[in-house]
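Have a look at the structure below before the remarks.
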Amino acid sequence: MKINKEDLYALKNNKNIYFFIGFLCKTCFSKEIFPKNAELNKFLFREYKITLKKYTLSSRTLMIALVIKHILKIGYEESMTTKLFNYLLMQES
């Protein structure tokens with residue numbers, strides 16, 4: 001599943017936490033964007049400082065569940081959307 005420009009601009013213009021979480025899930029489940037779970041793990045650590053335990057890396061569903069829990073616990077910030085937008089924009093080019 002590719003992320004098109006319309007999706008990117010919807011992400012940029014929408015400041016709702018639930019839209020962000022849904023978009024992050026869509027992105028994380030994409031094998032085109034993150035072919036390996038290890039790459040997804042590196043992205044989550046680099047952009048959001050989320051450290052996942054080794055046993056979680058075998059399941060994207062578990063990884064994403066823990067990421068959502070983390071975001072809800074610390075609170076949503078607009079910079080989270082900006083980081084995801086910038087990363088996807090770089091992947092597109």
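Points to keep in mind about this one:
- Heavy-atom accessible area per residue - the chain, 1.4 Å, Å²: 63 Å²
- Label point distance in nm, TYR55-ASN13, each placed 7 Å from Cα along Cα→Cβ: 4.5 nm
- Residue-averaged [θ]222 nm for the chain, counting only DSSP H segments that reach four residues, each worth -39500 (n - 2.57): -21500 deg cm²/dmol
- Here the scattering of the chain is modelled by Debye summation over its C-alpha atoms, one equal scatterer each and no solvent; at q = 0.13 Å⁻¹ the log10 of I(q)/I(0) is -0.39.
- Total formal charge among the other residues, if their Cβ is under 13 angstrom from that of TYR87, Lys/Arg +1 and Asp/Glu -1: +1
- Proximal aspartates and glutamates relative to LYS26, as straight alpha-carbon distance under 16 Å, when same-chain residues fewer than 8 apart are discounted: GLU6, ASP7, GLU39, GLU92
- Normalised contact order of the chain, rounded percent, pairs of Cα under 8 Å and 6 or more residues apart: 35 percent
- Violating pairs (Cα-Cα greater than 25 angstrom) within the set LYS53/LYS73; LYS2/LYS42; LYS5/LYS54; LYS15/LYS54: LYS5/LYS54; LYS15/LYS54
The values are calculated or read from the model by the stated rules, or taken from the named source; none is laboratory data. Predicted model, so just to flag it, every value in this text is computed and none were measured. Every residue, glycine among them, receives a Cβ derived from its backbone with ideal geometry; neighbour counts consider all protein chains shown. To get the accessible areas, we keep the full protein, side chains included, count just its heavy atoms, and leave off ligands, DNA and RNA. Shrake-Rupley method; radii C 1.70, N 1.55, O 1.52, S 1.80 Å.
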